[in-house]
Each structure stands twice: as structure tokens, then as C-alpha cells.
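Written below as C-alpha cells is the structure these notes are about.
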Amino acid sequence: MKTTPFTDLHIALGAKMHEFAGYNMPIEYPSGITDEHLTVRGGVGVFDVSHMGEFWVKGPNALAFLQKVTSNDVSILPIGKAQYSCFPNGKGGIVDDLLVYHYESNKYLLVVNASNIEKDWNWCVANNTEGAVLENASYHMAQLAVQGPKATELLQKLTKVDLSKIPYYGFAVGDFAGVYEVILSNTGYTGAGGFELYFYNEYGPKIWEALFTAGAEFGIKPIGLGARDSLRLEKGYCLYGNDIDDTTSPIEAGLGWITKFVDGKDFIDRPLLEKQKAEGVTRKLVRFELKERGIPRHGYQIANENDEIIGEVSSGTMLPDTKVGIGMGYVQAAYSKPGSTFFIKIRAKNLEATVVK
């Protein structure tokens with residue numbers, strides 16, 4: 001298995017380790033997923049997300065290339081801002097979802113999912129008829145996500161960059177904890193606020209130590225992939241491979257807001273997705289809450305009041321504080337409006353659920 005600059009630290013801290021996307025990653029620490037989840041919601045936690053992929057796209061044809069391969073409108077992205085987007089796969093599905101950073105003039109950074117690095121790289125290379133300069137920096141860059149309501153206060157102790165002036169989905173490049181040219185990005189996968197930090201692998205231990213020394217007064221804790229999943233699901237964020245994949249269209253997934261049909265943007269799958277937008281789709285991704293005690297899981301069937309199968313759960317968990325079962329899943333469009341009810345088939349029972357925003 002591949003490692004990150006922090007793998008030995010996770011093991012020393014007693015983390016439960018497991019393979020994820022080919023990496024030896026921490027799933028949870030001794031305090032447990034519930035404690036980690038609540039730490040991020042109420043204080044500050046640090047995620048090692050160095051397994052994520054990073055591609056540089058450079059040169060005078062960088063924008064033209066990105067306008068073709070991504071669904072969002074990169075032309076409106078100013079330097080210092082990032083946008084959420086996806087790669088349409090030419091068949092109405094999604095190669096991956098990603099972040100696009102406008103780093104400098106004619107220079108962009110793409111951040112892709114760890115499990116899709118090779119797939120995404122091959123896709124970009126195969127579709128680079130514009131001659132953009134592509135560089136796969138995935139194995140040279142590390143990333144820590146510092147998340148929670150106390151994250152910004154903690155991070156400000158370690159940099160002279162005024163973090164209060166970096167808007168949501170904005171970023172700056174500056175010194176952090178004595179390390180030059182760290183990308184400080186006001187983004188995250190928790191909905192709890194905070195920043196994601198990008199830097200070269202060799203600076204990882206120094207930055208980790210600085211964070212945990214400065215963060216002691218805030219009750220900082222390391223957070224594993226288990227709580228990362230429960231946090232993103234509580235917020236309703238999609239996970240590639242569960243909620244979106246090569247068989248789901250961005251329109252079905254409720255990602256019409258990152259699918260821009262603007263003049264001059266002839267991106268992959270535009271005609272098909274434009275037709276779906278105009279005519280509607282037969283199934284939609286919804287977020288739901290169980291009305292009874294239970295835990296919905298990926299692959300569980302969804303039925304209507306007549307016990308007819310109308311869909312399938314894509315992600316699910318039980319919230320650690322309220323003990324309410326929540327999930328996401330694709331259902332027939334007629335059942336997709338907030339307030340709609342259906343049933344999750346869990347073992348031999350049909351547990352009632354309601355669609356929520």
C-alpha cells in the first residue's frame with residue numbers, strides 16, 4: 001500500500017488503519033468516530049487527505065481545455081478562486097468530481113479523488129487535443145484539511161496571511177508554520193468551515209506538529225475517514241463511487257448548478273445533458289431521514305407504499321448525536337420532492353423515510 005507523509009504518525013497515535021484507494025489510511029482514532037464527528041462540528045479537527053490527486057494545467061490553451069472537459073464555466077473563475085465541477089464521461093455519466101483552482105494566469109490546479117487519479121489522468125491526456133500543458137503532481141503534494149468552527153482562529157496563529165479576507169471557495173498562497181508557498185484554501189468536505197492546506201510532502205511533519213502544538217488550546221484532534229464520511233453525508237455532499245459515478249448524470253445527481261450551458265462552452269456531453277435539463281430525468285438523487293430507528297446502507301432498496309421498488313440507497317449512516325438514520329439515494333422523480341415519503345428495506349422491515357433538503 002502507498003503511504004502519506006503522516007502514515008507513521010497515524011499508527012503511533014493508535015489509529016485503526018485500512019486500505020483506501022491504494023493508501024494505508026486512518027479510519028478512526030481511539031476516541032472513536034462519534035467523538036471525532038462532534039469534535040469537527042464543535043471545535044477543530046485535522047484530516048490527512050494527502051491521498052487526493054493534483055494535476056496542473058498550464059499554458060495559453062489551458063482554459064480552452066478545461067472548458068471542454070469540465071461541466072462548470074471556468075471562464076468566469078478569477079485568479080484566487082476555486083470552483084466545484086465534474087468531468088462528463090461522453091456517455092451521460094461522470095468520470096469524477098473535482099475542484100478547479102485558478103492559480104495564476106494560464107495556470108490551474110485540479111484536485112481529484114484519490115481512487116480516480118490514474119483514471120482521471122488518462123482521461124485528461126486522451127482529451128487534450130488543445131495542447132494544454134499537463135502535469136501530474138499527485139505524488140509530490142500533501143494535503144491536510146483543518147475543519148471546524150475554531151479552525152480559522154487556530155490557523156491564523158500560524159500565518160501572516162489574513163484568512164478573514166479569503167472568501168468561501170477562495171484561496172491564497174503564503175507562508176504557513178515557517179513553510180513557503182502553502183496553498184490556503186477556504187474549502188472543505190464537512191460543511192463545518194475551515195481550510196484545506198496544500199504543500200510539498202517533505203514539509204508534512206513540520207506542519208502537522210505546528211498545527212497540533214498551536215491547536216492544543218482549541219482541543220484539536222486528528223480525524224479519520226470514518227468521520228469524514230459521516231460529516232460529508234450529514235451535509236449532503238456526494239461521494240464518488242457511491243452517490244455519483246460513470247452511470248449517473250450530473251442532472252440526475254442534482255448537479256445542474258455546476259453544469260453550465262453558456263455560449264461558447266462546447267463541453268463533453270453538452271447536447272445530452274442539455275436535453276436532460278430541458279426534458280427532465282426519470283430518477284433523481286435525494287437526501288432522506290428515517291422516521292424510525294435504523295441505519296440505511298449503500299445498496300439497500302427503496303420502496304413505495306405499495307412495496308414497489310422505486311430506487312436504491314447510495315450512502316447512509318446514523319448521526320452520532322441525534323441517532324437519526326440519514327442517507328442519499330436515487331428514486332423515481334415522482335418521489336424526489338422534499339416531504340415525499342417512501343420506505344427503506346432494511347433486513348425484513350420497511351422503515352419509513354422522508355425526503356429532506
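The values are calculated or read from the model by the stated rules, or taken from the named source; none is laboratory data. Just so we're clear, the structure is a prediction, and the values are computed from it rather than from any experiment. Backbone-built Cβ (ideal geometry, glycine too); neighbour counts: all protein chains shown.
Could you grab me the full set of residues in the range 64-89 that are in contact with an Asp or Glu (Cβ under 6 Å, 6 or more places away or on another chain) and surrounded by fewer than 24 Cβ atoms within 10 Å (Cβ to Cβ)? Let's see the steps before the verdict.
Initial filter on the range 64-89 (in contact with an Asp or Glu (Cβ under 6 Å, 6 or more places away or on another chain)): 64-65, 86-89.
The answer is 64, 65, 88, 89.
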Flag if residue 220 is buried (at least 18 other Cβ atoms within 10 Å of the Cβ), at pLDDT 95 or above, out of contact with any helix residue (DSSP H, G or I) (no Cβ under 9 Å at 6 or more places or on another chain) and of a type outside the set (Phe, Trp, Tyr): no
Of the listed residues (71, 50, 138, 85), the one being part of a loop (DSSP other than H, G, I, E, B), small (Gly, Ala, Ser) and within 23 Å of residue 192 (Cβ to Cβ) is 50
Residues of the range 177-192 that turn out to be touching a residue at least 60 places away in the same chain (Cβ under 8 Å) and in a strand (DSSP E or B), as a count: 2
Residue identified as crowded, with 19+ Cβ neighbours inside 10 Å and within 23 Å of residue 96 (Cβ to Cβ) among 190, 129: 190
Look through 231, 197, 225 and report the one residue that is more than 30 Å from residue 323 (Cβ to Cβ) and either of a type in the set (D, E, K, R) or in the same structural domain as residue 29 (by TED's automatic domain parsing) (or both). 197
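Would it be correct to say that residue 253 is closer than 29 Å to residue 42 by Cβ and of a type outside the set (D, E, K, R)?
Working: closer than 29 Å to residue 42 by Cβ: no; of a type outside the set (D, E, K, R): yes.
Against the criterion (closer than 29 Å to residue 42 by Cβ and of a type outside the set (D, E, K, R)), residue 253 does not qualify.
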Can you pull out every residue in the range 148-172 that is without any contact (Cβ under 8 Å) to a residue 24 or more places away in the chain and either in a strand (DSSP E or B) or within 21 Å of residue 222 (Cβ to Cβ) (or both)? 156
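Restricting attention to the range 7-33, which residues are under 20 Å from the mean Cα position of the chain (by Cα), over 10 Å from residue 223 (Cα atoms) and not charged (D, E, K, R)? Steps first, please.
Restricting attention to the range 7-33, the residues satisfying the condition of being under 20 Å from the mean Cα position of the chain (by Cα) are 18-28, 33.
From the residues that got through so far, the ones that are over 10 Å from residue 223 (Cα atoms) too are 18-25.
Selection gives 18, 20, 21, 22, 23, 24, 25.
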Checking residue 41 against (1) in contact (Cβ under 8 Å) with a residue 60 or more places away in the chain; (2) crowded, with 22+ Cβ neighbours inside 10 Å, only one condition comes out false. Which one? (2)
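Would you pick out the residues in the range 14-30 that are exposed (fewer than 14 other Cβ atoms within 10 Å of the Cβ) and in contact with a strand residue (DSSP E or B) (Cβ under 8 Å, 6 or more places away or on another chain)?
Matches in the range 14-30: 19, 22.
For every residue, the table says whether it meets (1) buried (at least 21 other Cβ atoms within 10 Å of the Cβ); (2) assigned to a strand (DSSP E or B).
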position: 296; (1), (2): yes, no
position: 299; (1), (2): no, no
position: 307; (1), (2): no, no
position: 312; (1), (2): no, yes
position: 322; (1), (2): no, no
position: 327; (1), (2): yes, yes
position: 334; (1), (2): no, no
position: 344; (1), (2): yes, yes
position: 352; (1), (2): no, yes
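Check the range 314-330 and report whether any residue there is of a type outside the set (Phe, Trp, Tyr), without any contact (Cβ under 8 Å) to a residue 60 or more places away in the chain and more than 30 Å from residue 35 (Cα to Cα). Let's see the steps before the verdict.
Filtering the range 314-330 down to residues of a type outside the set (Phe, Trp, Tyr) leaves 314-329.
Filter once more, so that each one left must be without any contact (Cβ under 8 Å) to a residue 60 or more places away in the chain: 318, 322-325, 329.
Keeping just the survivors that are more than 30 Å from residue 35 (Cα to Cα) gives none.
Checked the range 314-330: no residue is of a type outside the set (Phe, Trp, Tyr), without any contact (Cβ under 8 Å) to a residue 60 or more places away in the chain and more than 30 Å from residue 35 (Cα to Cα).
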Checking residue 175 against (1) within 19 Å of residue 111 (Cα to Cα); (2) of a type outside the set (Lys, Arg); (3) surrounded by fewer than 21 Cβ atoms within 10 Å (Cβ to Cβ); (4) in contact with a Ser or Thr (Cβ under 7 Å, 6 or more places away or on another chain), only one condition comes out false. Which one? (1)
